[in-house]
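Step one of this worksheet: look at the structure below.
Derivation of every value follows stated rules applied to the coordinates shown; laboratory data play no part. Just so it is clear, the structure is predicted and the values come from calculations on it, not from any experiment. Cβ atoms come from the backbone with ideal geometry, glycine included; neighbour counts cover every protein chain shown.
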Amino acid sequence: MFRVGFAGTAKNTGKTTALMYFLRRASIRGEQVGLTGIGYDGEEIDHLTGLVKPRLKCPAGTLIVTAKGCLDRMTATYRIIGKLPLSNALGQLLLLKTISPGTVVVAGPNSGKDLRLTMDFFQRAGCELVLVDGAFGRLGPFVEVDGLILATGAARSANIINLVEDTRAFSRVFALPALRGREEIQVGSSISLHLRDGRVKRLQPASLVSESLVAAIAPMVPYASVISLPGVVPGDLLWQLCQKVEGGFSGKTMVFSDPTKLLLAGNYERAAAALAMIVASGGRPVVKRRIPLLALTVNPFYPLQTKNTFRRAFINDDQLKEALRGVSQVPVLNVKEREPNYYLDIANGKVRSELNSQKVPGT
Amino acid sequence: MQYVERILDAVDIETFILAREEGEAKGLMEGYMADLGFTDYDIVFLEQVGPGVRARARAYLHRPGSPYGWLAEDDKGGD
Amino acid sequence: MATRKKKILLVPLDPVHDMGLKLIRKALADNGHATTLLPPGLKVHEVVEWIIKEAGIEFVLVSRTLGYRVGELLARFVDLVEACGLREQVTLLVGGMAVRPELAAEMGFDAGFGPGTSPEEVVAFIEGRHFTPWGKGEESSRKKRDLTSGFSYIYKNKGIERSLALITGEIIDWVSNKTSPGVERARIRFRSLREGEGDKGGGWEKYQDYCAGPIAQYYKEGRLPRETRTLSEDELRSLRQYKNWEGQSKIIRPGVVGPDIFIQYGTGCPLMDILHIKTGEAWGAAGVVHFDPSEGARSEGLLGGYLSHAQDGTLLTWENLRLIKCFLNPLTLWQVRAHRGLNTPETVVLAGEAGADLTKINMAYASLGAGMDPARITVDGVEALRWAAHYDLALDVVTNEELSGVPAHKAFAGMLIVAHLALQLGARPILQPLFCYSPEVMLQGQMRDNYIDFNAAKILALRQIIAAPLWPGAPIGFLTHTEDRVQSSVTTALHACLARSLGVQAISIASSDEAYAGGPIAAASRVDTLRAVQEGFRFFGSANIQPTPRAREWAGELIDGIARVLTDVANSGSFVQSLYRGLLGGPEDGAYPGRIGRGTLRRKEVEKDV
């Protein structure tokens, strides 16, 4: 089973459009697809802006995990085939199988732990490919996927320069290498510094959530060979740490749990700048677990607020395309283009080869 | 989807219109409704007191028995 | 059951202080829970620091007015809590303006509390007691009421009781050897629904023999009347999305005990009706009344199929009724009116088979205010009352003839005759005096000073006659409404509050479109009056409206008048002749016995009981 997450850097960045493309391709290939989401998606009108959104259309035979409170709003007919011991703000989570195609409304597990349990249900139901829809700019639960499609766009920033820098920063964080297989580094549940004399300094809590923690860590860094930051590492605070550490990071390995931990506090550029600084001074930032970025989608649409209402607005398509050239190693595509398929197919192809490699020959 | 599809039945427009008498206000309201692009409209209420007329106009977007936008289903998903 | 005490962090993320959160804090503290209220305006990562610092926090309730960027912020907060490893320890709740459960789910919160949430609801959620995340828990405690329960129907006025016994005895005797096309159709309908498959079999082929005009034409040639069409399968299927619609909306119920509020629907299209019903249910209607087209009362026979037409009143067909029933909240009281036409008994059979709770029958009004031939409607009315008893349908007896000018005491005499007849035949009547600005009071001036006394007098009078349920209607405030929606909603609310103060069982209310005749009633106008009534009930609470002493005087006069009329009817020896002769309202009152169905009665052949 291969799990693809559709995360966004903000609301209205085109997650649903990208997800639906995958859904259709998989359905054409006759794969058993599972669909769920960590937020709420599928209604016509955005709850905050009042603007029309694309609806989630689903072919027959799709397995869906969604909350009981969503059932009345779907036009697809379905059979309930299981109940999960989980719930969200819209009620208990159910496993459905669509009987006829139609629109669906998806509100699934709202935490990484619940998502893991949901995946078990999909696995037992025989899913080959599971698509997980994101919500707002949430990244946290996506530590549970095998590959990520990231949607960004003017809804995150309507300024092209900022958007490009932001996207570049995001890609850099996701490009962080993994800890090499043989490296035996004990990464516990607290911040730890492995000193050259063999001692390990541990600090509570796991996340770098305050300036006082930064101040406590910085003086110890010159004596450490490995700095492990397993929790949340806001870009601002990592930047501050880099500023405070004397003598740079030469020969030091800095370990993060996964790329999302560096991004979910929001300021991507600061995180990327700090990483660049670490690398420039000879350090080696790594993640314990990589989440492969399969593709970046960029949406020129954004909701423009005028007084109390929103209207649809777009940034210049051509400028955006030009500016995004070379920003990332992964394919970058504009979801509003007529033929985004080429790029999505590249991402889709990656998924395919992963899927095939998982299959045991002869089955 | 068009926004109008989600309006269950009618749109009311209430306002205070500067007019000497209700007949004048009725003409003005009707003209305004036509300007807004409504075709099936009526003046529900007019009351002249003081410098103008309290007025309410109504446009029916979905009369009972007509095809309802809110029942229109999207084209079925999948392809 | 004692609940373990919980530790809750209250987080006002708005820059200003938050009254709602303070009320919730008090409610939580009153229930023994430990709360920490953070200062307003913290950054989300600072809140996370607090959760880490304050060990043992189980719930975090964030309060924030939502806007576009705020959604991102709150979603990031949820992410941070999770990434800091705290998600399994704390349940995340969000409350504030614009918060809806869908948005709470989208942002990753475990529950959302929108405007109007009571502090008790939050306490209930935290204590793990029953809670429906998409609505107020009140729905589950709402019970479908039997409006007649607890009433003995014992007469306090024995003189009136004696007259009624004489009159109803005569009626039952008079109708015993008569039948009508309406009576026959009801029996065919019953057998066909019970024994046939759908509308085939069970002797159904004879049905058209008892129909006339456009209905007969429909059954013979399959042609629907003008402007009438069959709803398509697509339309019916698409409607599915509105099933259980109330599950998604907040159900507004007045917090104070009051009469059950009924609204009327009958837009001409059952699909539109269903949306209006769902709207009414959500805004506090406990019951809904099916309004059929007035034309339908004047034709022998009822059409079949899922039918819509571009006229007021929704066609009575078996399919339309079943369709509407499918969408009704199981707790909603449902009335199908049968009172005033050629299809009265058959309508009661359809209502009973379709699962209605209530019907409406009044032969005196049908004759004097709705154009029915007194003889025909008396035969059909008795048959309809028998069917109501068969299906255990409660029925109201409405006094709408007041609107054509019949004085209240004469209308009430007619109402009491029908109610007594219902009791004799084993049915459960509900008295429905009008709360109205009738021609009688316009002329006599009982409402020159206020609308309270004369309406109160009607209730007091009826209570001094018989212990029966009361359901002022229909709608309350009749002829006090104007096209001004504010005026219209206020008058409805005030009449509702008067009814509540008088302790009646139910009321029927109009929409704020009551006086507007230029087009169909809009759903928003239904909400207008339901909302106004709710506000009125909230305002008065358990305080009462005090009528002036005139109310008692007028009640006495009403009782004397009723007694006089009933004595005259009893002495005349014929209810039907009394109707023709104007004893229950005549030309001097503006009432004329009708002619619809005249000459259609037949002698009954050998009785075959149903």
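Scanning residues 5 or more positions from A:L35 or on other chains, those with amide H under 5 Å from its amide H are A:L63, A:I64, A:V65, A:L131, with H placed 1.01 Å from N in the peptide plane.
For segment C:428-444, backbone phi angles converted through the Karplus equation (6.51, -1.76, 1.60; θ = phi - 60°) give residue-by-residue couplings of 10, x, 10, 7, 10, x, 7, 9, 8, 9, 7, x, 4, 6, 4, 6, 8 Hz, Gly and Pro being listed as x.
How large is the convex hull of the Cα atoms of segment C:147-188 per residue, expressed in Å³ as a whole number? Could the numbers behind the result be given before it?
Working: hull volume 4.9 nm³, N = 42.
Considering the Cα atoms of segment C:147-188, their hull volume per residue is 116 Å³.
What percent does the relative contact order of segment A:191-287 come to when contacts are Cα pairs within less than 8 Å and at least six residues apart? Could you put the intermediate results ahead of the total?
Working: 193 pairs, mean separation 26.6, N = 97.
This gives 27 percent for segment A:191-287.
Could you tell me the center-to-center distance, by alpha carbons, between segment B:1-74 and segment C:56-91 in angstrom? Cα centroid to Cα centroid, the span is 44 Å.
Near A:L84: Cβ cut-off under 13 Å, other residues only, Lys/Arg at +1 and Asp/Glu at -1. The net charge is +3.
Beta bridges per DSSP, both residues in chain C: antiparallel share near 15 percent.
Evaluate the relative contact order of chain C (contact order divided by residue number), counting alpha-carbon pairs under 8 angstrom at least 6 apart; express in whole percent.
Values: 1193 pairs, mean separation 83.3, N = 610.
Relative CO of chain C lands at 14 percent.
A crude spin-label estimate for the pair C:L331 and C:R564, with each label 7 Å from Cα along the Cβ direction, gives 4.8 nm. Mind pulling the angle between the C-alpha long axis of helix C:550-572 and the longest principal axis of chain C? Nearest 10 degrees, somewhere in 0 to 90. Roughly 40 degrees, rounded to the nearest 10. Dipole magnitude for the protein assembly as shown: about 3160 debye, using +1 per Lys or Arg Cβ and -1 per Asp or Glu Cβ, origin at the Cα centre.
For the set C:K144/C:K325; A:K57/A:K321; A:K68/C:K325; A:K57/A:K97, the pairs lying more than 18 angstrom apart at their alpha carbons are A:K57/A:K321; A:K68/C:K325.
Membrane-span-like helices in chain A, defined here as complete DSSP H runs extending at least 27 Å along the helix axis by their C-alpha atoms with mean Kyte-Doolittle hydropathy no lower than -1.0, are absent; this is a sequence and geometry rule, not a statement about a membrane. Remark on segment A:191-287: ratio of C-alpha radius of gyration to 2.2 N^0.38 Å is 0.95.
Entry for the protein assembly as shown at q = 0.04, 0.05, 0.07, 0.09 Å⁻¹: log10 I(q)/I(0) = -0.28, -0.42, -0.75, -1.05, Debye formula applied to identical alpha-carbon scatterers, no solvent contribution. Other protein chain C-beta atoms within 10 Å of residue C-beta, averaged over C:521-527: 4.
Placing unit charges on each Cβ (+1 for Lys and Arg, -1 for Asp and Glu) gives the protein assembly as shown a dipole about its Cα centre, and among C:A282, C:L395, A:G61 the Cα reaching farthest toward its positive end belongs to A:G61. Under a 5 Å amide H cut-off, with hydrogens placed 1.01 Å from N, A:V232 pairs with A:S207, A:L208 among residues at least 5 apart or on other chains.
Charging the Cβ of each Asp and Glu at -1 and of each Lys and Arg at +1, and nothing else, the dipole of chain A about its Cα centre rounds to 440 debye.
On full extension of the chain, what length is gained from C:L166 through C:L443, given 0.36 nm per residue of separation minus the C-alpha to C-alpha distance?
Numbers: separation 277, 0.36 × 277 = 99.72 nm, distance 3.32 nm.
Here the segment from C:L166 to C:L443 would lengthen by 96.4 nm.
For chain C, the longest principal axis of the C-alpha atoms and the axis of helix C:452-465 are separated by about 60°.
Return the FRET efficiency for the residue pair C:E233, C:A310: r is the Cβ-Cβ distance, R0 is 25 Å, and the value is rounded to the nearest 0.05. Mind showing how you got there, number by number?
Numbers: r = 21 Å, r/R0 = 0.83.
That pair, C:E233 with C:A310, gives E of 0.75.
Please find the FRET efficiency linking C:T65 to A:L203, where r is the Cβ-Cβ separation and R0 is fixed at 35 Å, and quote it to the nearest 0.05. About 0.40, to the nearest 0.05. Residues whose amide H falls under 5 Å from that of A:S87, counting only those 5 or more places apart or on a different chain, are A:L93, with hydrogens built in the peptide plane. On the basis of the beta-carbon distance and an R0 of 56 Å, B:F16 and C:E557 show a calculated FRET efficiency of 0.75. Among B:I7, A:L84, C:Y207, which residue has its Cα furthest toward the positive end of the charge dipole of the protein assembly as shown, with +1 on Lys/Arg Cβ and -1 on Asp/Glu Cβ? Farthest along the dipole direction, towards plus: A:L84. In chain A, Cα pairs under 8 Å separated by at least six residues give a relative contact order of 19 percent. Think of each Lys and Arg Cβ as +1 and each Asp and Glu Cβ as -1; about the Cα centre, that makes the dipole of chain C roughly 800 debye.
Restriction of the chymotrypsin sites (Phe, Trp or Tyr not before Pro) in segment C:499-571 to DSSP coil positions whose beta-carbon has at most 13 other beta-carbons within 10 angstrom yields no sites.
The listed peptides C:564-570, C:52-58, ordered by packing as a protection proxy, come out as C:564-570, C:52-58 (highest mean of other Cβ atoms within 10 Å first). For segment C:387-400, putting each phi into the Karplus relation 6.51 cos²θ - 1.76 cosθ + 1.60 with θ = phi - 60° gives couplings of 5, 4, 5, 4, 8, 6, 8, 6, 9, 9, 10, 9, 10, 5 Hz, in residue order, rounded to whole numbers and with x for Gly and Pro. Here's the picture: charge each Lys and Arg Cβ at +1 and each Asp and Glu Cβ at -1 in chain C, and of C:W471, C:L530, C:A370 the one pushed furthest to the positive end of that dipole is C:W471.
Between the Cα long axis of helix C:318-327 and the first principal axis of chain C there is an angle of about 20°, rounded to the nearest 10.
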